[in-house]
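A.B. asks: Handing you a structure now.
The values are calculated or read from the model by the stated rules, or taken from the named source; none is laboratory data. Computed from a predicted structure; not experimentally measured. Positions of Cβ are generated from backbone atoms using ideal geometry, with glycine treated the same way; all protein chains shown enter the neighbour counts. Note: accessible area is taken over every heavy atom of the protein model, side chains too, but ligands, DNA and RNA are not part of it. Shrake-Rupley method; radii C 1.70, N 1.55, O 1.52, S 1.80 Å.
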Amino acid sequence: MGGLLASPDIKRFASHDIYSHISSVPDPSKEKDWSEVKEHVLSVGDTIYLNDYFAVFRGVEPAHETAGLGLAKGDLAIQGDFLVFGEKKQYHVHPMFVVRNNQVGRVSDEVEDLGLRLVFINVDPTKQKFTFGVSTTQKDYIILKAMEKPFINLLWSGTLLMAVGFGMALVKRRREARSAEAKTPLAAPVKVRKAKAQAA
């Protein structure tokens with residue numbers, strides 16, 4: 001229906017209830033909006049800060065996953081080895097640097113949980129320096145709403161009591177109406193005879 005329908009989960013307590021439901025989630029079909037690439041020139045063992053997290057550059061190694069790149073003899077594929085420390089766990093990130101047919105290609109690596117993307121930009125073998133680019137985006141998120149309803153059970157019991165009272169009033173009114181209908185036919189013939197006597 002074009003959005004989320006609130007279907008809250010309820011946690012009941014003696015004095016209050018808590019209603020919680022998910023009200024918003026990111027659209028998976030929407031393309032992510034990445035920031036501009038920020039370059040970092042690193043040596044092995046350097047530490048950098050990335051989007052409120054920090055990462056350690058542990059070195060460069062031959063690329064392990066080159067499927068789909070179509071590498072031939074004489075081509076080169078290396079990857080940087082980063083260890084990114086997140087809030088609850090660590091992430092291994094491996095951006096790739098590829099030389100194929102004397103042309104340079106770059107395969108970035110992304111950490112969706114942290115909203116990070118690293119790309120291997122350049123290699124300086126004489127100084128043993130490596131240039132990496134970092135771009136960030138909004139991390140995946142959901143919005144969870146929780147509402148506390150104090151003494152909600154008292155409200156529901158009052159509503160139930162009112163409903164019971166309303167039902168009892170309806171039953172009493174119906175019984176009174178039936179008893180009134182039962183008494184009416186006995187008085188009607190007397191009125192008719194009196195009317196006929198006056199006409200005579």
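A.B. asks: Quick test of your reading of the structure: Arg106 fulfils all but one of (1) farther than 22 Å from Lys32 by Cβ; (2) open to solvent by 40 Å² or more (accessible area, probe 1.4 Å). Name the failing condition by number.
C.D. replies: So Arg106 meets the others, but not (1).
A.B. asks: Okay, next question. So if I check each of Thr126, Thr131, which one is under 26 Å from Leu71 (Cβ atoms), open to solvent by 90 Å² or more (accessible area, probe 1.4 Å) and of a type in the set (Val, Ile, Thr)?
C.D. replies: Values: Thr131 fails: open to solvent by 90 Å² or more (accessible area, probe 1.4 Å).
Only one candidate qualifies: Thr126.
A.B. asks: Okay, moving on. I'm checking my understanding of the structure. Among residues of the range 32-52 that are in contact (Cβ under 8 Å) with a residue 60 or more places away in the chain and among the charged types (D, E, K, R), which one is most open to solvent (accessible area, probe 1.4 Å)?
C.D. replies: That would be Glu36.
A.B. asks: Can you tell me which residues in the range 132-170 are in contact with an Asp or Glu (Cβ under 8 Å, 6 or more places away or on another chain) and not β-branched (Val, Ile, Thr)?
C.D. replies: Phe132, Gly133, Ser135, Gln138, Lys139, Asp140, Glu148, Lys149, Asn153
A.B. asks: Would you mention how many residues in the range 82-107 are touching a residue at least 24 places away in the same chain (Cβ under 8 Å) and either in contact with a helix residue (DSSP H, G or I) (Cβ under 9 Å, 6 or more places away or on another chain) or closer than 22 Å to Glu31 by Cα (or both)?
C.D. replies: 3
A.B. asks: Right, something else. Can you find a residue that is surrounded by fewer than 17 Cβ atoms within 10 Å (Cβ to Cβ) and in contact (Cβ under 8 Å) with a residue 12 or more places away in the chain anywhere in the range 111-118?
C.D. replies: Of all residues in the range 111-118, those surrounded by fewer than 17 Cβ atoms within 10 Å (Cβ to Cβ) come to 112-113.
Those left that are additionally in contact (Cβ under 8 Å) with a residue 12 or more places away in the chain: 112-113.
Yes, the range 111-118 has at least one match.
A.B. asks: If a residue must be small (Gly, Ala, Ser) and not in a loop (DSSP other than H, G, I, E, B), how many such residues does the range 110-125 contain?
C.D. replies: Selection size over the range 110-125: 0.
A.B. asks: Quick test for you: out of Ala77, Ala55, Ala63, pick the one residue that is modelled with pLDDT of 90 or more and surrounded by 11 or more Cβ atoms within 10 Å (Cβ to Cβ).
C.D. replies: Ala55
A.B. asks: Ile22 passes all but one of (1) of a type outside the set (Phe, Trp, Tyr); (2) in contact with a Leu (Cβ under 6 Å, 6 or more places away or on another chain); (3) open to solvent by less than 40 Å² (accessible area, probe 1.4 Å); (4) farther than 17 Å from Gly115 by Cβ; which number fails?
C.D. replies: Tallying (1) of a type outside the set (Phe, Trp, Tyr); (2) in contact with a Leu (Cβ under 6 Å, 6 or more places away or on another chain); (3) open to solvent by less than 40 Å² (accessible area, probe 1.4 Å); (4) farther than 17 Å from Gly115 by Cβ, Ile22 fails exactly one: (3).
A.B. asks: Of the residues Ser135, Ser179, Ser157, which is part of a helix (DSSP H, G or I), of a type in the set (S, T, N, Q) and farther than 30 Å from His16 by Cβ?
C.D. replies: Just one listed residue meets the conditions, Ser179.
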